[in-house]
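K.L.:
Below: one structure in structure tokens.
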Amino acid sequence: MKKIELSQLSDEELLEMDKNNKPSPLIDAFFIGFLFGIVVYSVIINSWGFITILPLYLIYMLLKKPKKYEALRHEIVKRNLK
């Protein structure tokens, strides 16, 4: 989410988003490991294609998730809500 979008939200909406978007590092680490295993398996059987590209994209999205949460936390601290 962009900072422009976060700055346009009300205080209640920001707090609700914060409540619903708590990071779960253990679950994220499990999924990243599982998807990495799929990529390694597809490389071992010499299959470059959708089976390799999709997990790489999903790993990228899981790694990008904490940056969105950090922007949300920054906006909450900026407004002195917590």
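The values are calculated or read from the model by the stated rules, or taken from the named source; none is laboratory data. What you see is a predicted model; the values in this text were computed from it and never measured. Note that we place each Cβ from the backbone using ideal geometry, even for glycine, and neighbour counts take in every protein chain shown.
A quick yes/no check of all residues on (1) of a type in the set (A, V, I, L, M); (2) at pLDDT below 85; (3) not in a loop (DSSP other than H, G, I, E, B):
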residue: F31; (1), (2), (3): no, no, yes
residue: S42; (1), (2), (3): no, no, yes
residue: I51; (1), (2), (3): yes, yes, yes
residue: A71; (1), (2), (3): yes, yes, yes
residue: I76; (1), (2), (3): yes, no, yes
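K.L.:
Right, here's the next one. Would you please list the contacts, defined by Cβ atoms under 7 Å and residues six or more apart or on different chains, that run from a residue in the range 43-59 that is free of Cβ contacts under 8 Å to residues at least 24 places away in the same chain to a residue that is assigned to a helix (DSSP H, G or I) and of a type outside the set (V, I, T)?
P.N.:
I51/S42; T52/S42; P55/L35
K.L.:
Tally time: how many residues in the range 41-82 are polar (S, T, N, Q), closer than 25 Å to Q8 by Cα and surrounded by 11 or more Cβ atoms within 10 Å (Cβ to Cβ)? Steps first, answer last, please.
P.N.:
At the first step, the residues of the range 41-82 found to be polar (S, T, N, Q) are 42, 46-47, 52, 80.
Now narrow it down to the ones that are closer than 25 Å to Q8 by Cα: 80.
Right, trim to surrounded by 11 or more Cβ atoms within 10 Å (Cβ to Cβ) and you get none.
Within the range 41-82, residues that are polar (S, T, N, Q), closer than 25 Å to Q8 by Cα and surrounded by 11 or more Cβ atoms within 10 Å (Cβ to Cβ) number 0.
K.L.:
Report whether or not I38 is surrounded by 14 or more Cβ atoms within 10 Å (Cβ to Cβ) and over 24 Å from Q8 (Cα atoms).
P.N.:
yes
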